[in-house]
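Derivation of every value follows stated rules applied to the coordinates shown; laboratory data play no part. Since this is a predicted model, take the numbers as computed values, not measurements. We place every Cβ from the backbone using ideal geometry, glycine too, and count neighbours over all the protein chains shown.
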Amino acid sequence: MAIPTRLRLDALDIARGVAILAMVIYHFAWDLSFLGFIATDVGREPGWVAFARGIATSFLVIVGFSLVLAREAGQSWSKFVRRLAKIAAAAGAITLATLIVFPDAFIFFGILHMIAAGSILALPFLRAPVLLTLAAALVVFAAPQFYGSPAFDTRWLAWIGFFETPPPTNDFEPVFPWFSAVLVGVAAGRIAFDRGLVVHLARWQIRSRPARWLAVAGRWSLVIYLLHQPVLLGVLYPLAMVTRPAPATFMQACVAECVAVGTDEAICTPACACTQDALVRNGFEGLLDARSISPQEQALIDDIAGQCFRAAREGAPLDGTPLDISP
C-alpha cells in the first residue's frame, strides 16, 4: 500500500510528543534527586526505573513504526542517511557533554545511540514477514538472559548487551535487548499497512489545543531532547547553590526507598540502621554519603542490606549482627 510522500501522521507526532514530555518529567525528577532537593534516588527507585524504561521503549517502538512509514512513503536513501547522520551527531554531542559533566558515568550508548543503531539494523526487516520480525524481537529480548561474558564489560563492547557488569553510565540502552522494541514497532507498522489501518490514522486530525501542542513537541522531539537538560540544570543548579538543600542521609534515602516499594516501616528502619552500622564497622563509611559509587560498591551495599533485611523479617536482633562482608 503506497502513501503520499509528504504524509505525516498526527497520531504518531502526538505519541512522540507524549514520550518526550514523559522524558522531560523523568529528567526533572532525576535532577531534583541528583542535586539533593528530594530524598528519593530516582536512578534506582523501582517505580522511576520502570517509568524510564517505559519511555525508552515507547521511543524505540515509534522509531520502528516510523521506519516502515517512511519506506512505504518512498523515502529516498539520501533523506534516510541525512536523518541518520543528524541522530548520530546528536548522540555524539550527548556523549561529549556528559563526558565533561559526568566523567565517571558519561553516556556512551544511550537512547539516541540506540535509535541510530536500530535504524540501521531494522532495514532488513522492513519488508520481512511480521511473524519473522516478531520472532527476531523475541530472540533479541531473551538472548541476554541466556548469555553473558565479562569480555563484554568494557564500554567498547557493553553496547552490544552481553555484559555481566555494565560500565557506570547515566543512560544505557544496549542493542540486546533494546533492539527488540524497534522490531516490535516495525511489526506494528507492517500490520498497520497490511490491514489498511494507516489510512484511518491518516484521516484522523487534531482538534484540541493540548493535542496540537503535543504534536508540535513530537515534531521537535530531537531538539527538545538536546536542550531540555541544559535548561533544567541551568535553572536548578544555581538554585541548589543558593538554597543548598540538605542532601538526604543514607538512612533517610534507604527507609524512603524501602517504604516506597511496600515494605513495612517497622522492618525498613532497623534493617537500614543495620546496613549503615555494618558499613561503618567494616570501614565503608565513605559509601554512606558518596555521590557516585561503582557497580562493585553497589553490589556490596546490596549484599549487606539483603542480610540485614532477611534478619529483620525473621525478627532476629540486629544490634551488632555479624554479617558476611566481602569487599
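For the options GLY306, GLY315, GLY110, a Gaussian network treatment of the chain with springs between C-alpha atoms closer than 10 Å singles out GLY315 as fluctuating the most.
With a cut-off of 14 Å between beta carbons, the residues surrounding GLY161 carry a summed charge of -2, where Lys and Arg count +1 and Asp and Glu -1. Considering helices alone, the calculated mean residue ellipticity of the chain at 222 nm is -22000 deg cm²/dmol, with DSSP H runs of length four and up weighted by -39500 (n - 2.57) and normalised per residue. Whole Å is fine, so just give me how far the alpha carbon centre of the range 161-228 lies from that of the range 21-78. If you average the Cα positions of each part, the centres end up 9 Å apart. A dipole drawn for the chain from +1 and -1 charges on Cβ atoms has a positive end, and of LEU201, VAL18, ALA97 the residue lying farthest that way is LEU201. Between the listed residues LEU239, SER149, LEU60, the Cα displaced farthest toward the positive end of the dipole of the chain, a dipole computed from Cβ unit charges relative to the Cα centre, is found at LEU60. Taking the C-alpha atoms only, the angle from helix 111-121 to the longest principal axis of the chain is near 40 degrees.
Considering only the other residues whose Cβ falls under 13 Å of the Cβ of GLY47, what net charge follows from Lys and Arg at +1 and Asp and Glu at -1?
Taking every Cβ under 13 Å from that of GLY47, the sum is -1.
For the residues VAL235, VAL18, VAL61, a GNM of the chain with alpha-carbon springs under 10 Å puts the largest fluctuation on VAL235.
Rounded to the nearest 20 debye, what is the charge dipole size of the chain about its Cα centre when +1 sits on each Lys and Arg Cβ and -1 on each Asp and Glu Cβ?
Numbers: 24 positive and 24 negative charges, 511 e Å.
Taking the Cα centre of the chain as origin, the dipole is about 2460 debye.
Only Cα pairs within less than 10 Å get springs; with that Gaussian network setup on the chain, which residue of SER78, SER58, SER180 has the largest fluctuation? Highest fluctuation among the options: SER78.
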